[in-house]
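First the structure, in the form of structure tokens, and then the observations on it.
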Amino acid sequence: MADPFLSELKYLGNRNLDFIEITVDAGTDVSDLVVTVYNNGGSVRSSNNVSDLTPTTIGNKDVYVIDTTSPVPFNGLGRFNGVSLSDDTTVYSFVTFDDRTTPLTATAGPADGLTATPIGIAGNGESLESNDGGLTYFTQTDPNPGTIPCLTAGTRVQTPQGAVLVEELQPGMTVTILSGGTAVLAASYSRTLDAAEMAEAPALYPVRITAGALGDGVPSRDLLVSRQHRMLVASQIVERMFGVPEVLVAAVRLTELPGIYVDTSVQSVTYLHLLFEDHEVIFAEDAPTESLYLGEEALKSLPQAFQDEIATLFPDLLPIEDEPASRVPIPRRRMQRQLVARHQRNGKPVLEAGQVAK
């Protein structure tokens, strides 16, 4: 059984948005597992029992998230703090951030006498994330504790033969893509969540994009997607900001606009991933949206079983050294927010008639 590890840490910016994510093998007994936050001088700032939290199970992993809404004390993280993960006998990790100019040595608590390992630096609104068991960390521009980027069952996807329910698409079938051509579906993966699971992990509630909310009658009927699933934005504002005709923006960023919101009323939802040889923009309820993007950060959100299957069946699709090219540019999180704010302020739809490139 793999050791528990700190899988994502957000530490800079609004403390209400800070969090510590812990990942363990599914079913692991966490009754003795403790997360300790250290002050700049090495004293203990706070201590959190992981067993007080409710996990989200993704594939063969249980994921726990400590934040300011948790039933345990947590006051956010600072750039000079440290974090340890330990049980009664073992300190699994003791980390700090590269913002420090001097080492951090614990003077109390589980890591007493140990010097923290710097794991990198993240900007305001970013996080540090690991997908290799805590061995290395990369900067995550869009922090995503426990989220899954995908479409939902019941969504109609455009094909050359007409609209087909996403759950009825099979590998080998062709789907209409933004360029006007088609792409062959390589694989499809799904996961169903019930009301209890979503209530325990609110980040799993879907975003509802009501009919016509994107502009020009799009989508043609209400569309449900996961929070991190990206939608195409094509407008004159995009042109002015980025010098390109269109970009992809996470659905949760669009919730600042009328008719788009996180729907906490749903009682169950089935999320589906559509995998093509390349990252594509397809049409769901006539709205242009992305297929599964197998970038290094996106892979982190997939259950390990799915990652293993992709590695076995489609090894050439995995980003071993280079991040694969996105079909459409994906702005950084801060720029996505600015883009949506400008649309809101100017009362402009995010899909302007005639702006979507074919």
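The values are calculated or read from the model by the stated rules, or taken from the named source; none is laboratory data. No experiment lies behind these values; they were computed from the predicted model shown. A quick note on method: Cβ atoms are made from the backbone with ideal geometry, for glycine too, and the neighbour counts reach across all protein chains shown. With ligands, DNA and RNA removed, areas are computed over all heavy atoms of the protein, side chains included. Shrake-Rupley method; radii C 1.70, N 1.55, O 1.52, S 1.80 Å.
Of everything in segment 1-33, what is open to solvent by less than 10 Å² (accessible area, probe 1.4 Å), of a type in the set (D, E, K, R) and part of a loop (DSSP other than H, G, I, E, B)? Give them in sequence order. Matches in segment 1-33: ASP18 only. Is it true that GLN228 is open to solvent by less than 40 Å² (accessible area, probe 1.4 Å) and either without any contact (Cβ under 8 Å) to a residue 40 or more places away in the chain or polar (S, T, N, Q) (or both)? Taking the combined requirement at face value, the residue satisfies it. Scanning segment 241-252 for residues that are of a type outside the set (A, V, I, L, M), more than 21 Å from the chain's Cα centre (by Cα) and within 17 Å of ALA211 (Cα to Cα) turns up nothing. Out of all the residues in segment 310-347, which are at pLDDT 55 or above, outside any helix (DSSP H, G or I) and touching a strand residue (DSSP E or B) at 6+ places or on another chain (Cβ under 8 Å)? Passing the criteria: SER326, ARG327, VAL328, PRO329, ILE330, PRO331. From the list ALA108, ALA116, the one residue that fits, being aliphatic (A, V, I, L, M) and open to solvent by less than 20 Å² (accessible area, probe 1.4 Å), is ALA116.
Residues of segment 112-129 include none that is under 30 Å from LEU272 (Cβ atoms) and more than 16 Å from the chain's Cα centre (by Cα).
Among the residues making up segment 129-166, those that are at pLDDT 90 or above and out of contact with any helix residue (DSSP H, G or I) (no Cβ under 8 Å at 6 or more places or on another chain) are GLN158, THR159, PRO160, GLN161, GLY162, ALA163, VAL164, LEU165, VAL166.
Conditions: (1) over 28 Å from SER190 (Cβ atoms); (2) β-branched (Val, Ile, Thr); (3) modelled with pLDDT under 85; (4) touching a strand residue (DSSP E or B) at 6+ places or on another chain (Cβ under 7 Å). VAL95 meets all but one. Number of the miss? Here VAL95 clears every test but (3). Take the residues in segment 273-292 that are within 13 Å of SER220 (Cα to Cα) and open to solvent by 10 Å² or more (accessible area, probe 1.4 Å), then tell me which one is farthest from the chain's Cα centre (by Cα). Among residues in segment 273-292 that are within 13 Å of SER220 (Cα to Cα) and open to solvent by 10 Å² or more (accessible area, probe 1.4 Å), the one farthest from the chain's Cα centre (by Cα) is ASP286. Residues in segment 61-104 that are in contact with a Leu (Cβ under 6 Å, 6 or more places away or on another chain), of a type in the set (Phe, Trp, Tyr) and under 17 Å from TYR137 (Cβ atoms) were compared, and the one that is most open to solvent (accessible area, probe 1.4 Å) is TYR92. Residues of segment 192-222 that are of a type in the set (D, E, K, R) and surrounded by fewer than 20 Cβ atoms within 10 Å (Cβ to Cβ): ASP194, GLU197, GLU200, ASP216, ARG221, ASP222. Residue pairs whose Cβ atoms lie under 8 Å apart, separated by 6 or more positions or on different chains, with the first residue in segment 192-208 and in contact (Cβ under 8 Å) with a residue 24 or more places away in the chain and of a type in the set (Lys, Arg) and the second open to solvent by less than 10 Å² (accessible area, probe 1.4 Å) and in a strand (DSSP E or B), are ARG208/LEU223; ARG208/ILE260. Set side by side, the residues ASP87, ASP62 differ, and just one is of a type in the set (Asp, Glu) and within 22 Å of the chain's Cα centre (by Cα), which is ASP62.
A single member of VAL233, VAL249, VAL262 is open to solvent by less than 10 Å² (accessible area, probe 1.4 Å), under 23 Å from ILE330 (Cα atoms) and at pLDDT below 95, and it is VAL249.
Residue count for segment 40-49 satisfying the condition of being surrounded by fewer than 21 Cβ atoms within 10 Å (Cβ to Cβ), of a type outside the set (Lys, Arg) and either at pLDDT below 95 or in a strand (DSSP E or B) (or both): 6. Residues of segment 149-183 that are open to solvent by less than 10 Å² (accessible area, probe 1.4 Å) and either under 19 Å from THR210 (Cβ atoms) or acidic (Asp, Glu) (or both): LEU151, THR152, THR155, VAL157, VAL166.
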